[in-house]
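Have a look at the structure below, then the notes.
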Amino acid sequence: MTVDTINRASPSTPDTTPPAKTDPAGLMSDEASRRLQKDGPNAMPDPSTHPLRNVLVKFWAPVPWLLEFAIVLQVILHKYLEASVIAGLLIFNAALAYFQEGRAQATLAALKHRLALNASVRRDGAWKTIPAAQVVCGDLIKLSLGGVVAADAHLLEGSVQLDQSMLTGESLPVEAGAGFDTYAGALVRRGEATAEVTATGVRTKFGRTAELIRTAHVVSSQQKAVLKIVRNLAFFNALVILLIGIYAYSHSMPWSEIVPLLLTSVLAAIPVALPATFTLAAAIGARSLAKLGVLPTRLSAVDEAATMDVLCSDKTGTLTANKLSVTSVKPMDGFDEAHVLGLAALASSDGGQDAVDVAIRSAASQEAMTDALTLAKFVPFDPARKISEATATDPKGNQQRIIKGAFTAVASLTNPAPKAAAIADGLEKQGFRVLAVAAGADGSIQIVGFIALSDPPRADSVSLISELKGLGVRTVMITGDAPETAKIVAHDVGLDGPICPPGTISDSVRPEDFAVFAGILPEGKFNLVKAFQRGGHTIGMCGDGANDAPALRQAQIGIAVSTATDVAKSAAGMVLTAPGLGGIVAAVKEGRVTFQRILTYTLNSVIKKIVQVLLLAIGLIMTGHAVLTPMLMVIVMITGDFLAMSLTTDRVRPSAAPNSWNVGRITGVAVLLGLCFLAFCVGVMAIGKFELRLGIESLRTLLVVAIVYGSQATIYALRARRYMWGLSPTMWLILSSIADITIITVLANRGIAMASLSMAILGCEFAAAALFGLILDGIKIPILSKFGID
């Protein structure tokens, strides 16, 4: 077996490998055209499919196949009304599914918009601006302030500050000079440089991320549940239908009766509204979540939130604010925090995009400096020297030189300070970005203090992890940032488990093994999610950047925070529209409510399908005739299957632990409870035949009424996992039940589409169904407990 490994990020250090030889004049136009023809455009391919194909796919699945088969049989038998009704049901199911798709195309569209539209390229010895899609390997490109890097490139000269957080997860911008490799999509925060293009299009790091998003796919547990339920019903009911056909043929029934009997059996076996109910329940859950600041972009994510047992969370911008702030100020002897911050602010650019300078000036504005200085001259940060400088004068007119930057660089320009090295080392070991601040007249400059910066945790990160733990969901941090920084943040938010050590991570890793995975590339996050899924876990992934997008797409429930990039939001199944992380807990709770509603409908649907097919078999043996007709089955479908969809609005009690679609257990419960329902229907049929001496037409009416009344009794018995009076039903469920009972009672009493029965008989049937519901309510509790369904 091939063992996949998890991709880790390498430190952002200059590459010492010399770049390929490139003419200083840049490529010639004809050579650039040849390379463009060979390698293709510097863009993402469009994978979109024709809308008509997307529509047709909705009619190619197990449930649509059964409905389509039933339509063909009805047309052959010239039952056009029945065929039209079934066709309407088929189109209804397909339409609901169609409008929930197309997310992969939206993700790739967002990626295209994120990339630079134009690039400054040296061609034929001159700089010119061309569309980014025409950039080729070997081109010389210029990186300028505020621009977006058009392709993966190797810096040749100059210096820039790059924000690569959207790809690498690093919370701090990086200083890049000659020999540094940068990626398509990085933002230039400061400076100017020339670079040689090393990769374009899908071969760039950004492009590989887009390809991962396109290929990322996981079948939702909801889809798997529907397929397994339909498969189990198909195998069981196909066997029963075959036995019915053999029995009818061996007893010399005419084909004019055998064919409708078999068609009725097929219709009885189809859980026609099951897929639509899954969709409707999720849509109702999505509407509730929207009111709480959570926007589901894929309806399956609502149901998946109920089954999620592991949340993989990015660090930067997710658990943290993705905004540098001053965490600590350590003044040297004789100075205070306000003085250190005030001096540092003078050596920081005002109004620029440098995140460090913005954080320092913000902190300094909140601390009043007693002996305020007046800025005379400012020298911006020099990446080569790793310092910025300022000259300021005090109220007496004395000048001071102020230096701010990396400790080693500042220390080389100041008088020795024995304690300084220990302070700087201690702060760096805590994962902080440390800046030294020095000031004084020329020749007597001394270090006045240190400023520690970090990306602080969100205010609600601790409560999120604590609440999820109480709900049975384990949280794991997966970040592209350094292990030291990740460890500090993990401790601050309550993730105190082991840190995954550096090196290759096996694809058999489990979420229980480590609390933090650091230095992970986008491919690594994607592979980690897949590894956890192979272990049988339902994975949620929370992130904010393009580096999180493949994992967001692969996870059963991808969650993008409100500040996420368009790429992340397009890849996610849910987007938090309000600040904070409280929406994740709300999604879990609402998902579990939705799960319970769907579970109740699924149990009722499976019970009815088993009972209806077995009832046809037993009825054939007892009467020698088909005890239900295709038209009666269509009536049962409409009154039973579709009106029962009101269960998607019912009040339920969510479970305290993650749910799971254990179809085997659900089927076991449905079989046992279905036998009880079958006994009720057979008892009614026996009374009608042997006591009331009803003819076959009246017996069919009696039986279809028993199915509808008994289905209502089953719904109310199963809607709560304890006794039925524990939670009151919603008005929609009550109205649905009234409509269901009224429709079948009026049809049966007036003799519409069936033989007429007296109100006395119908009243007795209703009373018997009510008694059956009370008995079933008591029987279900030990059965549900035995199979572990709560």
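The values are calculated or read from the model by the stated rules, or taken from the named source; none is laboratory data. Because the structure is a prediction, the values reported are computed rather than measured. For neighbour counting, all protein chains shown are included, and Cβ atoms are generated from backbone atoms with ideal geometry for every residue, glycine included. Surface accessibility is based on the protein's heavy atoms, side chains included, excluding ligands, DNA and RNA. Shrake-Rupley method; radii C 1.70, N 1.55, O 1.52, S 1.80 Å.
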Problem set entry | Chain lengthening between Arg722 and Phe690 when straightened (0.36 nm per residue, less Cα-Cα) | 7.8 nm
Problem set entry | Over the range 514-658, relative contact order from alpha-carbon pairs under 8 Å, at least 6 apart, % | 16 percent
Problem set entry | the range 551-708: C-alpha gyration tensor shape, a/c 1.5 cut-off, then a/b vs b/c | prolate
Problem set entry | Listed residues Val634, Val588, Trp65: farthest to the positive end of the dipole of the chain (Cβ charges) | Val634
Seminar exercise, completed: Taking a ≥ b ≥ c as the square roots of the eigenvalues of the Cα gyration tensor, with a/c under 1.5 meaning rounded and otherwise prolate when a/b exceeds b/c and oblate if not, the range 282-338 is prolate
Exercise. Could you give the accessible area per residue of the chain, probe 1.4 Å, as a whole number in Å²?
Worked result: 42 Å²
Exercise. Residue by residue, what Karplus-based ³J(HN,Hα) values in Hz, rounded to whole numbers, does the range 586-598 have, using 6.51, -1.76 and 1.60 with θ = phi - 60° and x for Gly and Pro?
Worked result: 4, 5, 4, 5, 5, x, 6, 5, 4, 4, 5, 5, 5
Problem set entry | Sulfur and carbon atoms: percent of accessible area, the chain [1.4 Å] | 60 percent
Seminar exercise, completed: Taking R0 as 22 Å and r as the Cβ-Cβ distance between Asn118 and Leu145, the FRET efficiency 1/(1 + (r/R0)^6), rounded to the nearest 0.05, comes to 0.90
Problem set entry | Contour excess over end-to-end distance, with Cα ends at Met28 and Val55 and 0.36 nm allotted per residue | 4.9 nm
Exercise. Using mean Cβ contacts within 10 Å as the protection proxy, how do 532-539, 472-479, 501-508, 408-415 order, highest first?
Worked result: 472-479, 532-539, 408-415, 501-508
Problem set entry | Simple Cβ-charge dipole of the chain, Lys/Arg +1 and Asp/Glu -1, about Cα centre, in debye nearest 20 | 2260 debye
Problem set entry | In nm, spacing of pseudo-spin labels at Trp732 and Leu242 (7 Å Cα→C-beta vector) | 4.1 nm
Exercise. What does the highest-first list of 702-712, 316-326, 242-252 look like by mean Cβ count within 10 Å?
Worked result: 702-712, 316-326, 242-252
For this session: Could you give log10 I(q)/I(0) at q = 0.14, 0.19, 0.21 Å⁻¹ for the range 231-372, computed by the Debye formula over C-alpha point scatterers of equal weight, without solvent?
Result: -0.87, -1.08, -1.20
Exercise. ³J(HN,Hα) across the range 69-82 via Karplus (A = 6.51, B = -1.76, C = 1.60, θ = phi - 60°), whole Hz, x for Gly/Pro?
Worked result: 5, 5, 4, 4, 4, 5, 5, 4, 7, 6, 9, 6, 5, 4
Exercise. What FRET efficiency would be calculated for the residue pair Ala578, Asp350, taking the C-beta separation as r and a Förster radius of 41 Å, to the nearest 0.05?
Worked result: 0.80
For this session: Measure off 7 Å from each Cα along the Cα-to-Cβ vector at Lys396 and Leu675, then give the distance between these two points in nanometres to one decimal.
Result: 10.0 nm
Problem set entry | Cβ-Cβ FRET estimate between Ala368 and Ala290, R0 fixed at 35 Å, reported to 0.05 | 0.15
For this session: Compute the length gained on full extension between Leu227 and Thr504: take 0.36 nm times their separation in residues and subtract their Cα-Cα distance, giving the result in nm to one decimal.
Result: 96.0 nm
Exercise. When the helices in the chain are scored as -39500 (n - 2.57) per DSSP H run of 4 or longer and the sum is shared across all residues, what 222 nm value do you end up with, to the nearest 500 deg cm²/dmol?
Worked result: -15500 deg cm²/dmol
Problem set entry | Given charges at Cβ of Lys, Arg, Asp, Glu: the chain dipole, positive-most of Ala739, Ser221, Val75 | Val75
Seminar exercise, completed: Expected field for Arg35, accessible surface area in Å² at 1.4 Å probe radius, rounded to 10, holds 70 Å²
Seminar exercise, completed: the range 748-785 and the range 496-567 have their Cα centres apart by a whole-number Å value of 52 Å
Exercise. Of Lys79/Lys224; Lys609/Lys689; Lys228/Lys689; Lys228/Lys469; Lys224/Lys786; Lys224/Lys608, which ones are farther than 26 Å apart at the Cα?
Worked result: Lys79/Lys224; Lys228/Lys689; Lys228/Lys469
Exercise. Each residue of the range 647-662 in order: what ³J(HN,Hα) in whole Hz does its phi give by Karplus 6.51 cos²θ - 1.76 cosθ + 1.60, θ = phi - 60°, with x for Gly and Pro?
Worked result: 4, 5, 10, 6, 7, 9, 10, x, 6, 7, 10, x, 8, 8, 8, 8
For this session: Of the listed values (i) 2, 9, 12, 11, 10, 9, 8, 7, 7, 8, 8, 6, 2, 1, 0, 0; (ii) 2, 12, 18, 18, 15, 12, 9, 7, 4, 2, 1, 0; (iii) 2, 13, 23, 25, 20, 11, 5, 1, 0, grab the one calculated as P(r) over Cα pairs in 10 Å bins from 0, in percent from the structure here.
Result: (ii)
Seminar exercise, completed: Tilt, helix 255-269 to longest principal axis of the chain (alpha-carbon atoms), in degrees rounded to tens, equals 40 degrees
For this session: Would you work out which of Leu413, Pro456, Leu435 lies farthest towards the positive end of the dipole of the range 395-537, given +1 charges on the beta-carbon of Lys and Arg and -1 on that of Asp and Glu, about the Cα centre?
Result: Leu413
Exercise. Rg/Rh for the range 300-419: what does it come to with C-alpha atoms and Rh from Kirkwood?
Worked result: 1.18
Exercise. Using the Cα gyration tensor of the range 233-275, with a ≥ b ≥ c the square roots of its eigenvalues, what is the shape: rounded (a/c below 1.5), prolate (a/b larger than b/c) or oblate (neither)?
Worked result: oblate
Exercise. Could you give the nm distance between label points at Lys128 and Leu771, where each point is 7 Å from its Cα heading toward the beta carbon?
Worked result: 9.4 nm
